[in-house]
Amino acid sequence: MKMKWAKWSAAFLCVALAVCCFTGRMDPWLKRAGLEKLETQNSEYLEGTFEKALAGFGVMSGLKAGLAVVEGSTGGVSAGVSLQLQIGDVVQSAYDYVDIAWRTLLLGSICLLSMQYLLEVADLLGQLALGIFLVLMAVGLLWRRPPQALRDARLLAWLGVLVLYLFLPLSILAASALSRQITQSTVDAAQEGFAQAGETLFPDNPQLDEGMLARIKQIPERLEQISDYLRKKASEMSLWTVQLIAGYLFDCIFFPLGCFFLMLFGSRSFLRYCHQCSLHERLLKELAKRKSLPDGD
């Protein structure tokens with residue numbers, strides 16, 4: 001009788017908590033349990049990295065536009081054909097590096113902003129998944145012999161709760177720690193190198209007003225200076241581009257996904273092991289029960 005009342009009480013508690021989840025009243029309790037600190041750390045990392053990538057994207061946009069103006073202005077320079085070809089080749093090579101880096105920063109900014117949205121969606125769906133899990137727990141407590149389908153659904157709902165509330169935020173947190181230790185210094189150095197190149201090449205007007213094209217055409221020596229600078233910095237610009245691509249690949253894709261799947265597969269293996277142990281225990285109890293029955297039964 002006491003066991004029955006205990007089950008009913010536990011089922012009633014699960015239903016009450018499920019109602020709190022569906023109505024959004026469980027969220028403050030979960031944040032006080034430690035989720036708020038995790039959310040704050042992830043938000044600070046993603047917002048800071050996004051702002052840095054967006055600033056680098058603006059610098060690369062100005063540098064890309066400047067190189068496009070320089071490349072288009074070589075045709076109006078009163079110089080030899082060989083000099084025009086040399087300047088055009090050097091500027092085109094640098095423009096290709098800058099264009100790749102520009103695309104990398106654009107995609108990196110999109111990925112970082114998408115991670116922020118993903119965490120917000122996970123926070124909303126987490127309460128729904130937790131409420132469903134609690135309802136299934138209540139049904140399992142009231143059901144004398146719950147079927148396998150109910151146990152599987154309860155296990156799936158619990159895995160969803162872990163993914164939404166723990167695995168996704170922890171994977172971003174782990175990725176931020178790995179980024180600070182491995183890739184952040186090289187990415188910052190690459191963005192700083194491109195920023196210095198932009199300031200050196202186009203110090204007066206980074207937005208490239210309409211009069212800049214005319215000024216460049218009037219000063220052929222300036223084109224030669226730009227060509228010499230780009231020729232000296234060609235190897236460094238290629239290195240900066242590779243560093244940006246590798247850094248944002250690891251920061252936005254490899255680190256978060258690697259940590260997420262590692263936790264997901266680890267938890268699935270653990271849950272599968274617990275399920276097998278429970279099944280083995282039930283089989284042993286069933287065999288012992290059958291052995292204790294009389295032969296006539």
Run down Leu125, Leu156, Leu134, Leu164 and say which single residue is surrounded by fewer than 19 Cβ atoms within 10 Å (Cβ to Cβ) and touching a residue at least 12 places away in the same chain (Cβ under 8 Å).
Leu125
Does any residue of region 22-33 turn out to be without any contact (Cβ under 8 Å) to a residue 40 or more places away in the chain, more than 30 Å from Leu230 (Cβ to Cβ) and surrounded by 15 or more Cβ atoms within 10 Å (Cβ to Cβ)?
yes
Picking from Leu164, Leu178, Leu170, which residue would you name as being part of a helix (DSSP H, G or I), more than 16 Å from Gly266 (Cα to Cα) and within 20 Å of the chain's Cα centre (by Cα)?
Leu178
Being closer than 17 Å to Gln181 by Cβ and buried (at least 16 other Cβ atoms within 10 Å of the Cβ) is true for just one of Phe250, Phe260. Which residue is that?
Phe250
What are the residues in region 167-185 that are open to solvent by 50 Å² or more (accessible area, probe 1.4 Å) and in contact with a Gly (Cβ under 6 Å, 6 or more places away or on another chain), if any?
none
Can you say whether Ala177 is closer than 20 Å to Val15 by Cβ, free of Cβ contacts under 8 Å to residues at least 24 places away in the same chain and not basic (Lys, Arg), as far as the supplied structure shows?
no
Going through region 137-151 in order, the residues found to be among the basic types (Lys, Arg) and open to solvent by 70 Å² or more (accessible area, probe 1.4 Å) are Arg144, Arg145
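The values are calculated or read from the model by the stated rules, or taken from the named source; none is laboratory data. On a predicted model such as this, the values are computed, not experimentally measured, just so you know. We place every Cβ from the backbone using ideal geometry, glycine too, and count neighbours over all the protein chains shown. Protein only, heavy atoms only, side chains kept; ligands, DNA and RNA dropped before computing areas. Shrake-Rupley method; radii C 1.70, N 1.55, O 1.52, S 1.80 Å.
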